[in-house]
1. Kindly list, by first and then second residue, each pair from a residue in segment 251-264 that is not assigned by the TED database to the domain that holds GLY441 to a residue that is surrounded by 23 or more Cβ atoms within 10 Å (Cβ to Cβ), limited to pairs with Cβ atoms under 6 Å and residues at least 6 apart or on different chains.
2. Where in segment 273-366 are there strands (runs of 3 or more DSSP E), lying wholly inside it, with at least 3 residues that are within 30 Å of ARG515 (Cα to Cα)?
3. So, ARG37, is that one touching a residue at least 40 places away in the same chain (Cβ under 8 Å), among the basic types (Lys, Arg) and either within 30 Å of ILE303 (Cβ to Cβ) or surrounded by fewer than 22 Cβ atoms within 10 Å (Cβ to Cβ) (or both) or not?
4. Checking GLY396 against (1) small (Gly, Ala, Ser); (2) on the phi > 0 side of the Ramachandran plot; (3) part of a helix (DSSP H, G or I), which test does it fail?
5. Assess whether VAL244 counts as being of a type in the set (Val, Ile, Thr) and in the same structural domain as ARG427 (by the TED database).
6. Filter segment 392-403 down to residues that are over 13 Å from PRO66 (Cβ atoms) and either under 13 Å from the mean Cα position of the chain (by Cα) or buried (at least 19 other Cβ atoms within 10 Å of the Cβ) (or both) and give me whichever is nearest to ligand 3 (Cβ to nearest atom).
7. Could you run through segment 97-143 and say how many residues are more than 19 Å from the chain's Cα centre (by Cα), in a helix (DSSP H, G or I) and not aromatic (Phe, Trp, Tyr)?
8. Would you mention how many residues in segment 145-182 are assigned to a helix (DSSP H, G or I) and over 19 Å from the mean Cα position of the chain (by Cα)?
Amino acid sequence: MRVNGLTSQDLAALGIHNTTEVVYNPDYDTLFQEETRPGLEGYARGILTQSGAIAVDTGIFTGRSPKDKYIVRDDTTRDTLWWNDVGNGKNDNQPLSQETWQALKDRCTQQLSGKRLFVIDAFCGANPDTRLSVRFVMEVAWQAHFVKNMFIRPTGEELATFKPDFVVMNAAQCTNPDWQEQGLHSENFIAFNLTERMQLIGGTWYGGEMKKGLFAIMNYLLPLKGIASMHCSANVGKAGDVAVFFGLSGTGKTTLSTDPDRQLIGDDEHGWDDDGVFNFEGGCYAKTINLSEQAEPEIYRAIRRDALLENVVVRADGTVDYADASKTENTRVSYPIEHIENIVQPVSKAGHAKKVIFLTADAFGVLPPVSRLTPAQTQYHFLSGFTAKLAGTERGVTQPTPTFSACFGAAFLTLHPTQYSDVLVKRMEAAGAQAYLVNTGWNGSGKRISLKDTRAIINAILAGELDDVETETLPVFNLQMPKTLTQVDDAMLDPRRSWESADAWQQAAQDLAQRFITNFEKYTDNDAGKALVQAGPQL
Ligand SMILES: Nc1ncnc2c1ncn2[C@@H]1O[C@H](COP(=O)(O)OP(=O)(O)O)[C@@H](O)[C@H]1O
Ligand SMILES: C=C(OP(=O)(O)O)C(=O)O
Ligand SMILES: [Mn+2]
């Protein structure tokens, strides 16, 4: 029997039986009806807001839960994956046994059996030769909406021949009572199996686990083929000049890449192959805390019908109070990329990147708003990935927390960090790309650097101003800071001037330098790593 383009054998093959109905690849209007259907309760319910966008609450999980993430350790992954219990780098890749995997899978298929289900088939990756065809199976309409927004929507023709090579079973409504005997962290789970090519989700409703989950899979598959896989946003100027913006959550990838003067390629996850930079996704996932039309007009206006708001506070008249962080600091909206006016069409890809920008949100106020990196500093800072985890994006993080997140996305790396830097360096060298370090965090007076100033700095980088300007060397870190830039106040370019005294900066700088040095020790067990030490801060 064929149910709306999907056979019940397709689901039975996954272990999901007695499906009462399949809503297969619903269009946006159907999703709208489904998520606002009378009778929906709790976190399944969507409410219509004045802009036409639907707002949902994602439950106790309003951010990712890295401690509940596991990957099956088997012949496929044993020798290739970056495990958290092998070697000397801490990470989030906790091994899972085949036996526990099977138990979790049984739990998910049991949860999903006998139900009315939503199935979304979509692509991860803009290039047909390297993309993943992903099938998402779930019970909750807005979760189907989320993945439809975030992944690449196939054409009718592509759907007709769609063969999934990865399956996500989202059983968010069930938890795992056996977690203690199984040696797991909690009753919630996000589990991956690279042999079966499957992700299982239980307990957390947060859609970001599907988005960032597939990113982790791309991070495994692409570098092994010599393709860079990057936690970055990307855009392209009128002259075809491509820029990529690396950064951990909340550092400004989405905000800064959404630029009316440049075509957006994507806001979060990209590959870089022989042809250039390409998006993995078909949508954007913007933070909405304190969002204003004046400061971020493109994002503000993207919030309309078909966009999906998460954990925002909706007033009685249907307007949204973006300043209200009472549910979480990590309020979000997902929208299809077409909601941004200036994008690369029809495929989210462009040429090789010439400018590589590392966004760091320095909570200490030590790093300059912008500096130009040497090739060795580029590698050093990419591997270090110093930034702050901002409130809300991970469970338990409630204030800016300094962290070293390798490749500015350690939580999503499935291979050792040097595998990403090796590929990036090769791609950058071949393209003649230059890297810059931009602090979108705080200065020495405890104030966050303004979005206006950061935008002016980014404009200066993209205009090539940083490449000819006279620079000054910041001691301890040996970073080359521009002395002047058009559109920004010269005084703000030197972080020491924002502190009450040069001594106070010096002390904070030495403390941060020591953290860099200690963190980098894990890379110094070989000559290549040892050689990079001199590119880092010196005490
Ligand atoms: N100087 C700044 N640079 C970039 N973003 C800033 C700055 N100051 C405040 N912000 C705010 O920080 C947030 C950055 O979030 P976002 O661009 O979504 O990050 P990411 O995409 O890297 O997760 C936005 O809410 C933005 O308004
Ligand atoms: C969705 C996330 O990413 P970002 O904030 O980088 O867009 C996340 O970290 O869960
Ligand atoms: Mn983002």
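The values are calculated or read from the model by the stated rules, or taken from the named source; none is laboratory data. Fair warning: this is a prediction, and the values are worked out from it, not measured in the lab. Using ideal geometry, Cβ is built from the backbone for each residue, glycine included, and neighbour counts are taken over all protein chains shown.
1. From residues that are not assigned by the TED database to the domain that holds GLY441, there are no pairs.
2. 353-360
3. yes
4. The number of the failed condition is (3).
5. So VAL244 passes the test.
6. GLY392
7. Counting residues in segment 97-143 that are more than 19 Å from the chain's Cα centre (by Cα), in a helix (DSSP H, G or I) and not aromatic (Phe, Trp, Tyr) gives 15.
8. 5
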